[in-house]
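Can you read through this structure? Questions will come right after.
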Amino acid sequence: MPGATPVKAVVMGASWGGLNAYSSVLASLPEGFPAAIMLVQHQNASTENRLAWLLARYSRLPVVAPEDKERIRPGHVYVAPPGYHMLVDADETIALSMYRAVHFSRPSIDELFFSAGHVYGKKVIGVILTGANEDGSEGLDYIRRRGGLTLAQSPQSCEAPAMPEAAITKGSVREVLDLERIGPYLAEFLIGLQDEKTEHPGRR
């Protein structure tokens, strides 16, 4: 893929069925995955902050419940805490916000996607997984318009298909993949870009 832009972050959103979906994706990602991964799972603000701990059991990568202003590092998985929007700041650190709920959700997928698209532009991949509302479709479309790659879980492989269906209907999605294909696709795509950069270091 000559001239490809290195990807700095993969941002993902899920709601109903998200634990199973994220577990599947993370289990497919190898050590040395070259981009940061940022995950939003719809959770009630009063929910105990255990999702990062649960997902770490399936991941070869470090899984982090981030602090405000934490630097975003490649090869790490950042999980939005209950009751906070997780955003990407201009200096590529994490911002945790208690701004109003979006689509009745805080954390919101749209909020993460808008901020990541703004900061990273073409260097971000957005992924919509299973869920029961429309959160994420607007933010995913913003990533698409900024030149980033956009993916959605196929509705037939979802526990709740409304979220990817909304993004697909809006025209926000470049690739629709069954759940078991998403992790391998990301690994092949990003490691392929990394190999291309190594083989042709003079290309920009």
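Sequence gap at least 6, Cα distance under 8 Å: using those rules, report the relative contact order of the chain to the nearest whole percent. Before the final figure, lay out the partial values.
Details: 500 pairs, mean separation 49.0, N = 204.
It comes to 24 percent, rounded to a whole number.
Checking the a/c ratio against 1.5 first, then a/b against b/c, what shape does the Cα gyration tensor give for segment 142-190? Don't jump to the answer; show the numbers that get you there.
Details: a/c = 2.94, a/b = 1.04, b/c = 2.83.
Judged from the Cα gyration tensor, segment 142-190 comes out oblate (a/c at least 1.5, b/c at or above a/b).
Direction-averaged shadow area of the convex hull around the Cα atoms of segment 60-119, nm²?
Mean orientational projected area (segment 60-119, Cα hull): 4.1 nm².
With the Cα gyration tensor of segment 90-130 giving a ≥ b ≥ c as the square roots of its eigenvalues, does the rule (a/c under 1.5 for rounded; else a/b larger than b/c for prolate; else oblate) give rounded, prolate or oblate?
Numbers: a/c = 2.65, a/b = 1.29, b/c = 2.06.
Oblate.
Shifting gears a bit: Counting DSSP beta bridges in segment 49-107, what percent are antiparallel, to the nearest 5? Don't skip to the end; give the middle numbers.
Details: 6 of 8 bridges.
Once the DSSP bridges in segment 49-107 are tallied, antiparallel ones form about 75 percent.
Counting DSSP beta bridges with both partners in the chain, what percentage is antiparallel, nearest 5? Can you show the working numbers first?
Values: 6 of 29 bridges.
Approximately 20 percent, going by the DSSP bridge assignments.
Give me the percent of the accessible area of segment 1-139 that comes from carbon and sulfur atoms, probe 1.4 Å, all protein chains in place.
On the way: 3040 of 5860 Å².
Of all accessible area on segment 1-139, carbon and sulfur atoms account for 52 percent.
Applying a 10 Å radius around every beta-carbon, put 135-144, 150-159, 89-98 in order of their mean neighbour count, most first. Numbers along the way, then the final one.
Numbers: 135-144: 25.5, 150-159: 21.0, 89-98: 14.5.
By packing density, highest mean first, the sequence is 135-144, 150-159, 89-98.
Continuing with this model, one more query. What are the ³J(HN,Hα) couplings of segment 119-128, residue after residue, when phi is run through the Karplus curve with 6.51, -1.76, 1.60 and θ = phi - 60°? Round to Hz, x for glycine and proline.
Using θ = phi - 60°, the values come out as 7, 9, x, 5, 9, 10, 10, x, 9, 9 Hz.
What whole-number value in Å² describes the accessible area per residue of segment 1-148 for a 1.4 Å probe? Numbers along the way, then the final one.
Numbers: 6320 Å² over 148 residues.
Value returned for segment 1-148: 43 Å² of accessible area per residue.
Also: Mind running the shape call on the chain? Use the C-alpha gyration tensor, a ≥ b ≥ c as the square roots of the eigenvalues: rounded below 1.5 for a/c, prolate if a/b tops b/c, oblate otherwise.
Numbers: a/c = 1.40, a/b = 1.28, b/c = 1.10.
The shape class here is rounded.
The values are calculated or read from the model by the stated rules, or taken from the named source; none is laboratory data. As the structure is a computational prediction, the values presented were derived from the model and not from experiment. All Cβ positions, even for glycine, are placed from backbone atoms using ideal geometry, and neighbour counts span all protein chains on display. Each accessible area value is taken on the protein alone, full model and side chains, heavy atoms only, with ligands, DNA and RNA left out. Shrake-Rupley method; radii C 1.70, N 1.55, O 1.52, S 1.80 Å.
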